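All remarks here apply to the structure that follows.
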Amino acid sequence: MNRALKSELQLETESNLSPDTDASADRDANANLKEAQMNPLVCPLCGEANGCSYAAGAPHSECWCNQAVFPEGVFDRIPTEQRRKSCICQTCLVEFKARG
C-alpha cells in the first residue's frame, strides 16, 4: 500500500473513532475509580462513604473513629498509595474484626 493511501486510511479511521470507544471508556472508568479511591470521604477498601466527620470539616473529636478500636493489620489492606489519604468505614472495620 502506498504511503499516501495508508495515511489517508489512518486519518479516516482516527476521525471515525469517538471518545466513547471501549479504550476511552476504560480509561475514563479507571480515572473515576482512582479519583473515588483518593476521596477523603470514601473508604479505600469498599468505595462507600466512610463517615469521616473530620474529612467533612467537623472537629476530629466528633468522628466515629475516636470511639473505635483498630486492630493490628487493619490498615495493611489499604493500598500503599492510599494510606493516610482517606479513612476506612465502620462497616469495613467491623468486617475485619469479624474475620479475626
* **Verdict on residue 86 being at pLDDT below 85 and in contact with a helix residue (DSSP H, G or I) (Cβ under 9 Å, 6 or more places away or on another chain)** => no
* Test residue 37 against the stated conditions and say whether it is modelled with pLDDT under 80, surrounded by 12 or more Cβ atoms within 10 Å (Cβ to Cβ) and among the polar types (S, T, N, Q). => yes
* Structure fact -> Condition set of a type in the set (A, V, I, L, M, F, W, C) and part of a helix (DSSP H, G or I), scope segment 72-100, selection surrounded by the most Cβ atoms within 10 Å (Cβ to Cβ): answer is 93
* **Filter result for residue 6 (modelled with pLDDT of 85 or more and open to solvent by 90 Å² or more (accessible area, probe 1.4 Å))** => no
* Asked: If you go through segment 47-71 one residue at a time, how many are open to solvent by 60 Å² or more (accessible area, probe 1.4 Å) and assigned to a loop (DSSP other than H, G, I, E, B)?
  -> 7
* **Cβ-Cβ under 6 Å pairs, at least 6 apart or on other chains, segment 59-83 side touching a residue at least 40 places away in the same chain (Cβ under 8 Å) and closer than 15 Å to residue 43 by Cβ, far side surrounded by 11 or more Cβ atoms within 10 Å (Cβ to Cβ) and among the polar types (S, T, N, Q)** => 82/37
* Does residue 58 satisfy the condition of being at pLDDT 85 or above and of a type in the set (Gly, Ala, Ser)? -> yes
* Structure fact -> Of (1) at pLDDT 90 or above; (2) assigned to a helix (DSSP H, G or I), residue 32 fails just (1)
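The values are calculated or read from the model by the stated rules, or taken from the named source; none is laboratory data. Bear in mind the structure is a predicted one, so any value in this text is a computation, not a measurement. Cβ: placed from backbone, ideal geometry, glycine included. Neighbour counts: every protein chain shown. Remember, those area values only see protein heavy atoms, side chains included, never the ligands or the DNA or RNA. Shrake-Rupley method; radii C 1.70, N 1.55, O 1.52, S 1.80 Å.
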